[in-house]
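S.K.: Take this structure, written in structure tokens, and hold onto it; I'll ask about it next.
The values are calculated or read from the model by the stated rules, or taken from the named source; none is laboratory data. Computed from a predicted structure; not experimentally measured. Heads up, the Cβs are rebuilt from the backbone with ideal geometry, glycines too, and the neighbour counts pull from every protein chain shown.
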DNA sequence: GAGGAATTATCATTTTTGATATATATGCAA
DNA sequence: TTGCATATATATCAAAAATGATAATTCCTC
């Protein structure tokens, strides 16, 4: 795989194509760029979960979790499966997990912080 | 590498630790989540460039490019090297390129790789 | 060394976008 | 119907983008 890399003197339409790709990629990243959504994806990377289970694990309010899930759904980052009145969420794209692993490795090593 | 995955019944301080990591990771993602910054990183992934070269390649205004570079610098995503009055930028973290490659493969353009 | 041009960085402002909280609505099951 | 699980709407507040103006640094010439 090679990156969409603009170059000097490149034809306009080609540069535009790369710009379009970059926009799409940035939308994906924006959907990922939220601490709650990242935690949710880490949870789902292990096993599918219902909204209620995620609420319980994170200790967050229902609307908050549901809103973040909606955002992830919008970008196809999660899949859903209904079972009775519960809805199971799972990771929707294998690349997501690879990306998260790379991401967390990039972080500066765990310095203790105040909480 | 394993992801910081909250679990049911986990001790508060441990959950907090994961939350802190997720916050740091989301900051990194926010710095990446911009189409111009992505294009800049793709350009730099090939070879170091001066600000002026990046302006010329992207056909963008100086202030715009410089501000986006400042943002990337802030997160350590790029390095700088001065030579005369020009400043050369390069990718600051090898993980960045891996992440970008994974990211661009995830785009709808590459549907054949989903699953 | 003073003045000017080239290169890059920062500031100030306006406009957009995103986060969070609360309230309300929908869908399913007993 | 009632009650539970999930989704969406809305209001408020904070952060980020875009752009135009200005500042700092370096090099060159006199």
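S.K.: For the range B:73-89, enumerate the residues that are within 11 Å of DNA strand D (Cβ to nearest atom), more than 13 Å from chain A (Cβ to nearest Cβ) and closer than 15 Å to residue B:41 by Cβ.
M.R.: Within the range B:73-89, the first condition is being within 11 Å of DNA strand D (Cβ to nearest atom), and the residues that meet it are B:74-75, B:82-87.
Then drop every residue that is not more than 13 Å from chain A (Cβ to nearest Cβ), which leaves B:74, B:82-87.
Selection gives B:74 alone.
S.K.: Does residue B:20 satisfy the condition of being touching a strand residue (DSSP E or B) at 6+ places or on another chain (Cβ under 8 Å) and farther than 22 Å from residue A:25 by Cα? Talk me through it step by step, then tell me what you get.
M.R.: Numbers: touching a strand residue (DSSP E or B) at 6+ places or on another chain (Cβ under 8 Å): no; farther than 22 Å from residue A:25 by Cα: yes.
For residue B:20, the condition - touching a strand residue (DSSP E or B) at 6+ places or on another chain (Cβ under 8 Å) and farther than 22 Å from residue A:25 by Cα - is not met.
S.K.: Residue check: is residue B:38 modelled with pLDDT of 95 or more and closer than 22 Å to residue A:97 by Cα? I'd like the intermediate steps shown before the answer.
M.R.: Values: modelled with pLDDT of 95 or more: yes; closer than 22 Å to residue A:97 by Cα: yes.
Criteria met by residue B:38.
S.K.: Among the residues of the range B:90-99, is any away from chain A (no Cβ under 13 Å), touching a strand residue (DSSP E or B) at 6+ places or on another chain (Cβ under 6 Å) and either within 16 Å of DNA strand D (Cβ to nearest atom) or in a strand (DSSP E or B) (or both)?
M.R.: First, pick out the residues of the range B:90-99 that are away from chain A (no Cβ under 13 Å): B:90.
Going one step further and asking which of them are touching a strand residue (DSSP E or B) at 6+ places or on another chain (Cβ under 6 Å), we end up with B:90.
Checking which are either within 16 Å of DNA strand D (Cβ to nearest atom) or in a strand (DSSP E or B) (or both) leaves us with B:90.
Taking every residue of the range B:90-99 in turn, at least one turns out to be away from chain A (no Cβ under 13 Å), touching a strand residue (DSSP E or B) at 6+ places or on another chain (Cβ under 6 Å) and either within 16 Å of DNA strand D (Cβ to nearest atom) or in a strand (DSSP E or B) (or both).
S.K.: If the requirement is being more than 10 Å from chain B (Cβ to nearest Cβ) and modelled with pLDDT of 95 or more, which of these qualifies: A:53, A:62? Step through it out loud before you land on a result.
M.R.: Numbers: A:53 fails: more than 10 Å from chain B (Cβ to nearest Cβ).
The conditions single out A:62.
S.K.: Taking interchain pairs and intrachain pairs at least six residues apart, which have beta carbon atoms under 6 angstrom, with the first residue in the range A:1-26 and within 20 Å of residue B:103 (Cβ to Cβ) and the second part of a loop (DSSP other than H, G, I, E, B) and at pLDDT 95 or above?
M.R.: Close Cβ pairs (under 6 Å, with a partner that is part of a loop (DSSP other than H, G, I, E, B) and at pLDDT 95 or above) amount to A:15/A:6; A:18/A:4; A:18/A:6; A:21/A:4; A:26/B:33; A:26/B:34.
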